[in-house]
Amino acid sequence: MTLTRAERLDRLRVKGRIAVLVVGGGINGISTFRELALQGLDVVLVERGDFMSGASAAPSRMIHGGLRYLENGEFGLVKESLLERNRLLRNAPHYVSALPTLVPLADRFSGMLSAISRFLGGRPKPGPRGALIVQIGLTLYDFYARRERQLPRSRFFGRRATRFQWPDFHPDINYAVLYHDAKISRPEQLGLELIADAEAASPQALALNHLGLARLDGNVAELIDSLTGERITLAAEVIVNASGAWIDQTNALISGRQTALIGGTKGSHLVLDSPALLDAIGERMVYFANREGRVCILFAHFGHILAGSTDIRVDTPDGVRCEASETAYILGSIREVFPGIPLSEADIVFRFAGVRPLPRADANVNAEISRDHSCEWSTPPGPVPVLNLVGGKWTTFRAFGAQAADTVLARLRTGRKRSSEALPIGGGKGFPQGETERRDWLRRAVLSTGVSEERCTALFERYGTRMLDFTPGADDAPLACLPDYSRDEVRWLVSNSQVATLADLVLRRMTIAFSGELSLDAIHELAVLAAFSLGWSQAHVQAEIDGLLIHLDHFHGLAAKTLAARNLAGKPHVPHQESPDEPTVRRWQMS
């Protein structure tokens with residue numbers, strides 16, 4: 001049974017002393033939490049905002065080995081990343097799937113001298129990569145991916161085949177290489193599933209969002225509830241600082257000393273509504289170097305194009321957003337490859353940015369900063385040992401979490417009892433393999449749930465086999481503004497995934513921002529449904545709506561007038577009701 005937030009806080013208040021406190025609810029903190037829970041430890045995870053709301057919510061949505069890391073000589077990282085990619089394809093097939101990746105190239109020999117120089121320790125400026133150096137890299141890439149292989153090998157296309165198959169490419173593009181990596185459709189949901197799996201594995205494990213570390217007094221952590229202001233104390237034998245780009249700030253709270261472990265870079269992305277670009281690339285990702293040598297990507301994501309990314313040094317992780325200069329940069333990079341496809345800011349559906357928690361380095365080029373991960377104990381040690389999780393990338397979160405857990409277990413002088421290498425995640429448990437098995441599974445699901453095949457298919461796409469945990473009621477009718485969702489489903493999401501704010505629901509439990517379905521009416525409709533489940537007052541509802549609108553405008557470029565213009569054509573306008581009661585919800589459902 002899923003605990004309410006009040007029940008979670010009650011459990012926390014009586015704990016008093018625990019083995020491990022994990023500070024930071026991004027993917028690496030969550031992974032460490034799961035690994036420790038699997039060993040039966042009394043572990044608590046706290047996150048001052050919502051789970052997966054920082055850099056973990058702003059990745060390129062790729063699960064990849066890191067082809068370009070070969071240029072930096074990071075062969076061990078590539079090998080580990082490809083192994084973890086293959087494991088995610090197996091353990092989380094409901095969210096992680098194959099991504100055919102196309103590399104357009106102008107000539108055969110560019111980049112050879114730079115690659116040799118870099119391999120020998122030089123620092124040449126980034127530049128174009130030719131077909132030969134990419135083929136050499138992919139040969140090694142395929143070799144490293146052979147262990148637990150899940151995807152096909154790479155293919156090379158000559159001038160004639162390239163021009164024939166991809167006529168929208170710039171005329172200077174003469175070659176192409178096709179290889180396979182993977183993508184993740186719902187990273188935030190995967191993080192939440194890891195938490196649920198961890199708590200199911202260990203009755204002592206407990207995770208809470210909107211609960212941050214205020215200070216450390218000896219070995220006693222003072223935690224503050226950002227929703228109520230309540231302060232709760234908790235003693236821990238070990239603290240894991242998994243606060244990502246905020247690691248140094250968290251260390252200042254813990255010890256009063258400023259560390260210098262992180263030198264993060266900002267990555268911004270755009271979601272574009274461009275049918276012509278979507279048609280040009282199909283189901284493939286286009287992975288290319290622009291004229292500055294910076295690697296860019298674009299691929300289909302929930303019916304639109306996800307494009308990025310920038311790589312900009314930042315002094316502080318707070319308040320980052322995709323700036324106008326970055327928007328122009330990304331659009332300009334796309335035009336270098338597809339000059340005949342018109343693009344403008346009017347095509348932007350959504351934009352987002354995050355700060356990569358990279359280790360502090362003196363690299364001349366940000367792309368040269370390692371994406372590897374490390375565990376470092378704070379020095380000098382304080383009353384309680386603090387383990388800092390530095391660096392890392394989305395693909396390797398499981399390996400990073402396992403490394404961190406093993407480091408903590410060694411400090412606590414206990415051993416590992418269980419491995420997560422082959423452990424299915426959430427809705428990936430019992431996931432059907434192949435189209436025939438999938439059809440059979442859905443047919444059984446239709447019979448067991450009593451809902452239509454179309455509805456079962458939609459739920460299966462969103463939650464995998466975990467859709468069977470959702471039991472629709474007699475009033476499972478579609479929402480007025482979001483017909484792919486129902487009232488029962490939204491209430492289930494609110495009650496079963498630790499939703500505490502409207503932003504939690506809209507931005508991290510649903511994908512409507514990426515699919516272009518986010519509208520002003522949808523926000524109001526969802527606010528009423530959340531209010532009914534969480535007991536919000538009328539004033540609280542309005543405050544949640546106002547706060548979300550300010551956030552969307554400032555951080556995602558979605559002004560209220562833009563959201564108002566998106567109200568679904570042909571659908572009745574949803575009145576902005578004054579009272580969030582159930583009759584209101586029912587009237588909206590029936591309108």
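Laid out as a table, the results:
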{"quantity": "Selection status of Gly401, touching a Phe, Trp or Tyr at 6+ places or on another chain (Cβ under 6 Å), within 25 Å of Asn86 (Cα to Cα) and open to solvent by less than 50 Å² (accessible area, probe 1.4 Å)", "calculated": "no"}
{"quantity": "Among the candidates Ala19, Ala57, residue that is open to solvent by 10 Å² or more (accessible area, probe 1.4 Å) and at pLDDT below 95", "calculated": "Ala57"}
{"quantity": "Residue check for Leu138: at pLDDT below 90, hydrophobic (A, V, I, L, M, F, W, C) and open to solvent by less than 60 Å² (accessible area, probe 1.4 Å)", "calculated": "yes"}
{"quantity": "Candidate set: the stretch 267-279, residues that are more than 17 Å from Gly557 (Cα to Cα) and not aliphatic (A, V, I, L, M); chosen: the one surrounded by the most Cβ atoms within 10 Å (Cβ to Cβ)", "calculated": "Ser274"}
{"quantity": "Cross-chain or 6+ apart pairs with Cβ under 6 Å, the stretch 66-85 first and over 15 Å from His373 (Cα atoms), then of a type in the set (Lys, Arg)", "calculated": "Glu71/Arg118; Leu83/Arg147"}
{"quantity": "Residue check for Thr501: among the hydroxyl-bearing types (Ser, Thr, Tyr), surrounded by fewer than 18 Cβ atoms within 10 Å (Cβ to Cβ) and on the phi < 0 side of the Ramachandran plot", "calculated": "no"}
{"quantity": "Those helices (runs of 4 or more DSSP H) lying entirely in the stretch 408-511 with at least 1 residues modelled with pLDDT under 95, under 27 Å from Gly547 (Cα atoms) and not hydroxyl-bearing (Ser, Thr, Tyr)", "calculated": "487-496"}
{"quantity": "Qualifying positions in the stretch 142-164 - surrounded by fewer than 20 Cβ atoms within 10 Å (Cβ to Cβ) and either assigned to a loop (DSSP other than H, G, I, E, B) or touching a Phe, Trp or Tyr at 6+ places or on another chain (Cβ under 7 Å) (or both)", "calculated": "Arg146, Arg147, Glu148, Arg149, Gln150, Leu151, Pro152, Arg153, Gly158, Arg159"}
{"quantity": "Criterion: small (Gly, Ala, Ser), surrounded by fewer than 21 Cβ atoms within 10 Å (Cβ to Cβ) and at pLDDT 90 or above - qualifying residue of Gly282, Gly293, Gly256", "calculated": "Gly282"}
{"quantity": "Residue within the stretch 193-203 that is open to solvent by 60 Å² or more (accessible area, probe 1.4 Å) and under 30 Å from Glu230 (Cα atoms) present", "calculated": "yes"}
{"quantity": "Qualifying residue in the stretch 80-96 (condition: over 30 Å from Asn174 (Cα atoms), of a type outside the set (Gly, Ala, Ser), assigned to a strand (DSSP E or B) and within 15 Å of the chain's Cα centre (by Cα))", "calculated": "yes"}
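The values are calculated or read from the model by the stated rules, or taken from the named source; none is laboratory data. Everything numeric in this text was worked out from a predicted model, so none of it was measured. We place every Cβ from the backbone using ideal geometry, glycine too, and count neighbours over all the protein chains shown. Only protein heavy atoms, including side chains, enter the accessible area calculation; ligands, DNA and RNA are left aside. Shrake-Rupley method; radii C 1.70, N 1.55, O 1.52, S 1.80 Å.
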